[in-house]
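One structure is given here, and the rest of the page talks about it.
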Amino acid sequence: MRTMDETMLMAYLDGELDEATCREVEARIANDHVLEAMVRDLREGDALVAAAFNHALFDAPKPAAVAGVATARGRWFSRPWSPVPVALAASLAVLVIGGAAGLAMLDTAVEREFDRRALAQAQDQSAISETRAAMLEKQLSGTEVSWSNPGSGNRGTMMPVQTWRTKSGQYCRDFEESNTIEGVTTVQYGVACRTADGEWKVRVRYYPD
């Protein structure tokens with residue numbers, strides 16, 4: 001007579017036993033309330049695990065081989081995992097749901113960081129453009145001006161070097177500029193010219209090594 005332990009019952013539930021052994025197991029279960037209770041617990045544990053994993057972790061289309069195993073056996077796991085399968089299945093369900101919630105929180109945090117950086121970059125560019133335009137329009141050559149963004153901590157300085165006119169009478173100015181963005185300082189030299197409508201356009205930029 002075979003020993004009716006949890007391994008044998010799991011094999012029975014998984015459909016891994018031959019017909020004669022299945023009949024023997026079923027007869028033993030029918031006459032043994034303890035075995036009947038074990039089978040009931042194992043089935044409940046399978047249902048909890050399958051529900052938790054199918055809904056929280058396996059919503060994406062499964063490879064054909066994996067889907068075939070799930071259909072044929074009606075469960076994702078076929079090995080005994082605990083003397084108290086229902087309790088462990090509940091723990092696994094909490095773990096999977098908690099993992100999904102953690103991923104959602106991570107996605108939200110990443111999105112917030114992208115939004116923060118995009119806003120800071122837009123503010124920096126606005127400050128640089130406005131400061132440069134005011135410098136070129138109003139500042140005497142050799143006079144340094146600065147800009148800063150308290151929200152990002154980024155900052156910079158710029159200074160007109162000399163002013164001259166083209167053959168067509170257009171005013172142009174050489175300038176120096178130094179910007180520190182997220183701890184990295186970039187120095188550039190440029191030439192900007194004033195258009196007929198009073199707007200300064202940068203015509204040349206030079207970044208020294």
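The values are calculated or read from the model by the stated rules, or taken from the named source; none is laboratory data. It should be emphasised that the depicted structure is a prediction, and the values quoted were computed from it without experimental measurement. Don't worry about glycine lacking a Cβ; one is built from the backbone with ideal geometry, like all the others, and counts go over all protein chains shown. The area values use the complete protein model at the heavy-atom level, side chains included, leaving out ligands, DNA and RNA. Shrake-Rupley method; radii C 1.70, N 1.55, O 1.52, S 1.80 Å.
Between Glu16 and Thr185, what is the spin-label point distance in nm, taking each point 7 Å from the Cα along the Cα→C-beta axis?
6.9
Heavy atoms of the protein only, probe of 1.4 Å, neighbouring chains included. What is the accessible area of Thr143 in Å², nearest 10?
50
Just reorder Met8, Met158, Met38 by solvent-accessible area, largest first, 1.4 Å probe, all chains present.
Largest accessible area first, the residues go Met38, Met8, Met158.
If the chain between Asp209 and Thr7 were fully stretched, how many nm would it gain, using 0.36 nm times the residue separation less the Cα-Cα distance?
65.6 nm
Working out 0.36 nm times the residue gap between Asp107 and Asn31, then minus their Cα-Cα distance, what length gain in nm do you get to one decimal? Show your work: numbers first, answer last.
On the way: separation 76, 0.36 × 76 = 27.36 nm, distance 5.39 nm.
Between Asp107 and Asn31, full extension yields an extra 22.0 nm.
Based on the Cβ-Cβ distance of Asp115 and Ser146, what FRET efficiency does E = 1/(1 + (r/R0)^6) give at R0 = 25 Å, to the nearest 0.05?
Efficiency at R0 = 25 Å is approximately 0.40.
Rounded to the nearest 0.05, what FRET efficiency do Lys167 and Ser129 have when you use their Cβ-Cβ distance and R0 = 30 Å?
Values: r = 28 Å, r/R0 = 0.94.
After rounding, the FRET efficiency stands at 0.60.
Any chance you could look up the accessible area of Leu13 with a 1.4 Å probe, heavy atoms only, rounded to 10 Å²?
Rounded to the nearest 10, that gives 40 Å².
Taking loop as defined by DSSP and a crowding limit of 14 other beta carbons within 10 Å, which trypsin sites (Lys or Arg not before Pro) in the range 108-198 fit?
Lys167
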